[in-house]
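This report concerns only the one structure given below.
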Amino acid sequence: MHETATDRTIEATFSDDVAKDLAGTLRDAAAAGRMRAIASSFPPPNDFNGASEETAEFAEAEILNNENGVPKTEAINKSVPTDTAKPVEYPSLIAIAMNNLPSSETEWIVVYAFYASNYGKEIFSRENILNQYKESKRYDKQTTNRDLSTYIKRAVNAGFINPLQSGYSILPAGTEKAKEIISRTSSSSPKAKVSSKAKKANEDNTTENGVVNGKKISKLSKTLKRLTNINFEPIGKESLKDFFTKYTPANDNERNLLFVHYLQNVLEINEITFDHIYSCYDILGLRISENLPQTIRNTASKTGWIETKNSILSVTIKGSNQIKAWNKKD
């Protein structure tokens, strides 16, 4: 027997008539697809590269003449590895929640859709999504039922979920997005929860100021965080600095519009939060409003350039027209 990295040759010496009969039998068996049965009749060598579960397949057999003139039959054996691939294992929803991997509620909907659809294989319903909320311990009877339709609609508009006559299906883009989310190694920044009474008090009253990196920031603004998972110098796209320097904003209203426009139309972020705007101010080293969320709301109410529905920011048609109307630097 001769063995290489890819082939194994077994040589046996027979009389001329026996060798011819055996060669014919091997060829007939190969043509009939019965080679596995023949291969099993040959005991494996003691060391077959550690592949104890491999099967042998005879590719060909022929009559050869050795140096002594005695005919012999040579059977060429090729190893065929069996399929040992294991199914992909995904983390549990509770593990994803504990690590806080999704950065927005829309991303959570994409993850829930991925799991509810049996990883993209089945149709799922709104009730299935609610069950995913409960399984991940994120279900809130009041807010989840109230806002779920809005979050699902955003996932649909983003091209992650497809609404059907009865239920939903997750699209390929949604499947890829879900896999990207659950493969993350760092968590997203948790959003601080502020009660309605505390929120109103912060908006109506002047708070004591602190100083961070030379910038005056109120206690409310201190709850905002710079997002480290956003690339403001993306390859193939305009950087935030280059985009901003093309304009000459005179106040926070104009700066807020520029930042929301950049995040929405250049970086193509689906859900823009106050943290995103805070990050823009911070990375450019600009003075940050003492109450940035309220300043952004003031921009929305006074100019109509942006929307702040459910604390998710977007540019309105009026805001887009304003961007076009501004004179850019030469």
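Would region 256-308 count as rounded, prolate or oblate if I go by the C-alpha gyration tensor, calling it rounded below 1.5 in a/c and otherwise prolate when a/b exceeds b/c, oblate otherwise?
Values: a/c = 1.78, a/b = 1.05, b/c = 1.70.
Taking the square roots of the gyration eigenvalues as a ≥ b ≥ c, region 256-308 is oblate.
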*In the structure shown, do any of LYS302/LYS324; LYS134/LYS225; LYS141/LYS179; LYS179/LYS225 have a Cα-Cα gap over 30 Å, and if so which?*
none
*So how much slack lies between SER239 and LEU130, counting 0.36 nm per residue of separation and subtracting their Cα-Cα distance, in nm?*
35.3 nm
_Spacing of the two label points (7 Å from each Cα toward its C-beta) at LYS179 and ALA325, in nm_ = 4.7 nm
_Two-site label geometry, SER301 and LYS225: point separation in nm, points 7 Å out along Cα→Cβ_ = 2.9 nm
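Bear in mind these aren't lab numbers, they're just calculated from the coordinates by the rules spelled out. Quick caveat: nothing in here was measured; it's all calculated off a predicted structure. For neighbour counting, all protein chains shown are included, and Cβ atoms are generated from backbone atoms with ideal geometry for every residue, glycine included.
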